[in-house]
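Just below is one structure, and these are the notes that go with it.
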Amino acid sequence: MNLPNKLSTLRICMVPLFIVAYFLPYWWCAPIAVGLFVLAAFTDFLDGHIARKYNMVTDLGKLLDPIADKILVCAALFCIVATDPLSVNTGSFNWSVWGRIILAVGGIVIIARELLISAMRQIAASKGVVVQANMYGKIKTVFQDISLPVLILLNAVNAVDPITVISEYKALYMAGRWLGVILFGIAVILTILSCIIYLVQNKKVFEVR
């Protein structure tokens, strides 16, 4: 197993550690969960860079890399939806329902896009067609990998005490919440846009021969 494949395997192994850190009921666990997510996301960039630069692309790597990436993102989305860090009531807006809707719908869109593109690539591979990544997909990944750590960090509110946080750190929490929502919203929009572009650019994959 070469270095890029080891990094992909490491990313998969970091997911359980991330989940444990996320759900432990201590405020300092949220920053640890963020650190684990960021480090794992960085290995996604690193293994691809090393594989391409040093010609270490393998069939195992083609399998492990996207699987590891999807496991990490899905784990983060499931954790965030389960704890709903957006729905702390600050009195300015009722997030009790809308926070759950934003996270759940956005999570479904992101996961559905990944499943659809993966299926399309499998079909393309069976026909000898290579599906190239587009710029919007890469930008989507950037916003996704920034917004998720912000939302993960907000889970510290649930670990501490929402009442204490709102009374003492309301402005900071609200700024973090809106930042997370805006970045996550952009990531979801780019997810939809990149998916449409993928389908249009590679529509020949679905043509019946």
Which of the residues spanning the range 13-24 are among the β-branched types (Val, Ile, Thr) and free of Cβ contacts under 8 Å to residues at least 60 places away in the same chain? VAL20
Testing ILE101 on (1) surrounded by fewer than 20 Cβ atoms within 10 Å (Cβ to Cβ); (2) at pLDDT 85 or above; (3) closer than 28 Å to LEU10 by Cα, one condition comes back false. Which one is that? (3)
Restricting to the range 128-145, give me the number of residues that are in contact (Cβ under 8 Å) with a residue 60 or more places away in the chain and of a type in the set (A, V, I, L, M). 2
Take the range 142-174 and flag every residue that is over 21 Å from ILE32 (Cα atoms) and either among the charged types (D, E, K, R) or exposed (fewer than 15 other Cβ atoms within 10 Å of the Cβ) (or both). ILE163, THR164, SER167, GLU168, LYS170, ALA171
Picked from the range 175-193 (must be over 16 Å from the mean Cα position of the chain (by Cα) and touching a residue at least 40 places away in the same chain (Cβ under 8 Å)), the residue nearest to ASN155 (Cα to Cα) is ARG177
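Where in the range 90-209 are there helices (runs of 4 or more DSSP H), lying fully within it, with 2 or more residues that are more than 21 Å from PHE18 (Cα to Cα)?
So the answer is 95-126, 135-154, 162-201.
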Against the conditions (1) surrounded by fewer than 20 Cβ atoms within 10 Å (Cβ to Cβ); (2) in contact with a Leu (Cβ under 9 Å, 6 or more places away or on another chain); (3) among the small types (Gly, Ala, Ser), where does SER8 fall short? Just the number, please. (1)
Please find, within the range 153-209, the residue that is modelled with the lowest pLDDT out of those that are under 17 Å from VAL81 (Cα atoms) and touching a Lys or Arg at 6+ places or on another chain (Cβ under 7 Å). LEU154
Out of VAL188, VAL129, which single residue is among the hydrophobic types (A, V, I, L, M, F, W, C), out of contact with any strand residue (DSSP E or B) (no Cβ under 6 Å at 6 or more places or on another chain) and crowded, with 17+ Cβ neighbours inside 10 Å? VAL188
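The values are calculated or read from the model by the stated rules, or taken from the named source; none is laboratory data. From a predicted model like this one, the values you see are computed outputs, not experimental measurements. Virtual Cβ from ideal backbone geometry, glycine too; neighbours counted across all protein chains shown.
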